[in-house]
Every structure is written in C-alpha cells, then in structure tokens.
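Some notes on the structure that comes next.
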Amino acid sequence: MKRIMVTGALGQIGSELTLALRARYGLDNVVACDIRDAVGHLADGPFQRADCTDTAAIAAVVDRYEVDTIYHLASILSASAEANPQRAWDVNMGALMAVLEVARARDCAVFNPSSIGAFGPGTPALHTPQDTIQRPTSIYGITKVAGELLCDYYHQRYGVDARGLRFPGIISNVTLPGGGTTDYAVAIYYKAVEEGRYTSFLRAGTRLDMMYMPDAVKAAIEVMEADPSRLSHRNAFNVTAMSVDPEDIAASIRRHIPDFVLDYQIDPVRQGIADSWPDHMDDSAARYEWGWSPAFGLEAMTEDMLRVLRGRLGR
Ligand code: AKB
C-alpha cells in the first residue's frame with residue numbers, strides 16, 4: 001500500500017486528488033499538506049501545515065507519515081506568476097527542488113505536474129508533438145520547462161521515480177483555480193448558473209486544451225501506477241481531453257441555458273500568455289505508453305458541471 005503526501009492539497013487539483021487518493025489507498029495513507037490551515041473535507045484525514053519550499057519541513061512530514069510517494073501540486077499559476085516573477089521562480093523551483101531532494105534522500109516517488117505553459121510561440125500550435133520546441137515566454141512556462149528537466153535529472157542521476165504530465169486547463173466545480181490563464185473556463189460555468197452571463201478575459205477564437213477534473217485525477221493516478229518499463233517520456237506527458245475556445249463553451253452551455261450571454265473584456269496579460277500556448281496537443285505518447293484515455297468531452301463535461309453547480313447553488 002502506498003503512503004502518499006500531497007503538497008498544495010487545498011488548491012484546485014489537490015482538493016479533489018487528495019480525496020481520490022484517500023478513496024483508493026486508504027484515508028490514513030494520504031497526508032494532505034498546504035501552507036494554509038486545513039478546511040472542509042480535507043480535515044477528515046491526516047493534514048500537515050507546511051511550507052514546501054522548506055526542505056526540512058517536507059522531510060519532517062515524509063518521516064512522520066512514512067511517505068513513499070509525493071504528489072507535488074503546490075505552484076504559482078501563470079497569471080499570478082507574471083505579476084511577481086521572482087516569487088514564482090522561488091516558489092515553483094524552490095519547492096520542486098526541496099521535494100526532489102527529500103525524495104532522493106528517502107527513496108520516494110514524485111508526481112510533478114507540468115503544463116501547456118511549458119510551450120511557447122515557436123512550438124507547433126496544432127498537434128503539438130510530445131517532443132518539440134520549448135521556448136516559453138512566460139515565467140510560469142520557464143519554471144515548468146525547468147521542472148520537467150529537473151525531474152529528468154533526478155531520475156537519471158539519482159534514480160528518483162519522478163513522473164509528470166503536461167496538464168491543460170482543468171475545469172472543476174469543487175475548488176476554484178487561482179491566478180491561471182485558463183481560469184475563465186471554470187468561471188464561465190459558475191457565472192452561467194448564477195447570472196446567466198459571463199465576461200471573458202480571453203478573446204473569441206482563443207483555442208486551448210482543456211480537461212474535466214475527473215480525467216485530471218485519473219491521469220495523475222494512472223501515470224504513477226504505470227509500468228515504469230513502458231515510460232520513456234516519464235516527466236512530461238502531453239495529455240488533453242478537448243480543444244475549445246470561449247465560444248465553444250458558450251455554445252455548449254446554451255444547450256442547457258439558451259439565453260446565456262457571453263461578452264468580452266480582454267486582459268492583455270492573460271491573452272498574451274494564452275496566445276503563446278498551443279491550440280491542441282498531440283497526446284499519443286501518453287495513450288501509447290500508459291493507456292491514457294479521457295472519459296469527458298465538452299458536452300459531457302458541460303452537462304455534469306451545470307448539474308453539480310445548479311444543485312450546489314440552488315438554481
Ligand atoms: C494556468 O492557466 O496557469 C494553468 C495551466 C494551464 O497550467 N491552468
């Protein structure tokens with residue numbers, strides 16, 4: 001049985017992945033870790049407040065809970081990173097280095113999420129290959145490429161079982177994302193249910209890869225359970241479930257809320273970041289090496305998002 005630590009456990013992905021890991025490996029075998037105090041359902045199992053840029057703090061949690069696998073989710077997302085590049089570097093690289101060092105010394109496996117942000121304007125935007133040009137122009141993307149390389153290094157040099165995915169925008173209904181460029185694709189559903197309208201900060205035609213949270217959770221678990229002998233791209237698999245722009249999501253919402261109104265007020269920073277990212281990645285390496293296959297496309301995701309949010313928000 002695995003003994004798992006999740007950093008950034010109160011974040012968008014952490015708050016759902018931690019529960020899925022507890023359901024799979026046992027409540028007491030998954031310690032949630034965040035820089036903030038435990039809230040809500042995560043307080044039902046082991047929880048440790050810790051700053052994951054602090055190597056000693058990570059080591060203490062690993063020792064106390066006899067952790068053998070670290071899901072390292074704590075990260076500053078793209079738009080927030082652009083507002084404070086030095087902090088983004090310190091947190092994104094400092095925490096990853098701390099986690100890898102602890103993993104090296106204590107023989108832990110590591111899951112490290114990369115992102116579509118690891119690509120840049122010179123990358124082919126369509127069918128973005130698994131192995132291609134990576135010259136991102138955002139500080140977030142720079143930390144993501146460096147993170148992919150650092151994980152490869154710790155694997156090759158020290159034998160750390162580090163694995164990772166290049167996540168697209170993740171759409172979810174439990175915890176809001178914060179400070180990302182793809183956040184519009186979550187907010188649009190909340191606003192559709194609450195107000196029947198949404199003002200997008202990305203312009204029509206901005207096509208990006210996206211994925212519904214149940215698929216993101218499934219991918220993170222499956223890649224860590226995959227047969228290591230089949231993994232040649234172990235630290236940075238392209239994974240996607242759909243490629244959509246704001247108009248595609250609006251059209252899908254209108255099948256359930258016919259009067260839904262979408263208008264635009266473009267944020268030049270986030271638009272610039274989005275324009276530098278691919279439209280649609282090729283994820284055939286993930287499909288071939290460990291059987292990746294998403295369950296949700298746009299229509300199934302919209303139906304589920306609206307059902308959950310209508311229930312929760314009482315509309
Ligand atoms: C962001 O928008 O910064 C993230 C990502 C795609 O990595 N959601």
Accessible surface, 1.4 Å probe, highest first, among residues 107, 68:
107, 68
Probe radius 1.4 Å, ligands and nucleic acids ignored: give me the carbon and sulfur share of the accessible area of the chain as a rounded percent.
50 percent
Please give the calculated 222 nm ellipticity per residue for the chain, where each DSSP H segment of at least 4 residues contributes -39500 (n - 2.57) and the sum is spread over every residue; nearest 500 deg cm²/dmol?
-13500 deg cm²/dmol
Round to the nearest 10 and report in Å² the accessible area of residue 263, as given by a 1.4 Å probe over the protein chains' heavy atoms.
50 Å²
Diffing segment 4-13: the Karplus 3J(HN,Hα) column from phi (6.51, -1.76, 1.60, θ = phi - 60°), in whole Hz with x for Gly and Pro, holds 10, 10, 10, 8, x, 5, 8, x, 4, 7
Using amide H atoms built 1.01 Å from N in the peptide plane, name the residues 5+ places from residue 128, or on other chains, whose amide H lies under 5 Å from its own.
280, 281, 282
Hey, which lysines would be in cross-link range of residue 218, C-alpha to C-alpha under 25 Å, not counting anything within fewer than 8 residues on its own chain?
2, 144
For segment 223-234, take each phi angle, set θ = phi - 60°, evaluate the Karplus expression 6.51 cos²θ - 1.76 cosθ + 1.60, and give the result in whole Hz per residue in order, putting x for glycine and proline.
5, 6, 8, 5, 5, x, 5, 9, 9, 9, 10, 5
Sequence-separation-based contact order of segment 195-250, relative, with Cα cut under 8 Å and 6+ spacing, percent:
65 percent
Could you derive backbone 3J(HN,Hα) for segment 133-141 from the dihedral phi with the Karplus parameters 6.51, -1.76 and 1.60 (θ = phi - 60°), listing whole Hz in sequence and x where the residue is Gly or Pro?
5, 10, 10, x, 10, 9, 5, 4, x
Considering amide H positions built from the backbone, and no H for Pro or chain starts, which residues 5 or more places from residue 48, or on another chain, come under 5 Å of its amide H?
32, 33, 34
Cβ-Cβ FRET estimate between residue 41 and residue 1, R0 fixed at 30 Å, reported to 0.05
0.90
Selection from 10, 38, 170, by position along the positive dipole direction of the chain (Cβ):
38
Mind grabbing the accessible area of residue 7 for me, 1.4 Å probe, Å², rounded to tens?
0 Å²
Distance from the Cα centre of segment 123-191 to that of segment 41-94, in angstrom?
16 Å
Mind listing the long-range amide H neighbours of residue 110? Cut-off is under 5 Å, sequence gap 5 or more, other chains count too, H placed in the peptide plane at 1.01 Å from N.
70, 161, 162, 163
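The values are calculated or read from the model by the stated rules, or taken from the named source; none is laboratory data. Because the structure is predicted, anything quoted here is derived from the model rather than measured. Cβ atoms come from the backbone with ideal geometry, glycine included; neighbour counts cover every protein chain shown. In case anyone asks, the SASA skips ligands and DNA or RNA and just uses the protein heavy atoms, side chains included. Shrake-Rupley method; radii C 1.70, N 1.55, O 1.52, S 1.80 Å.
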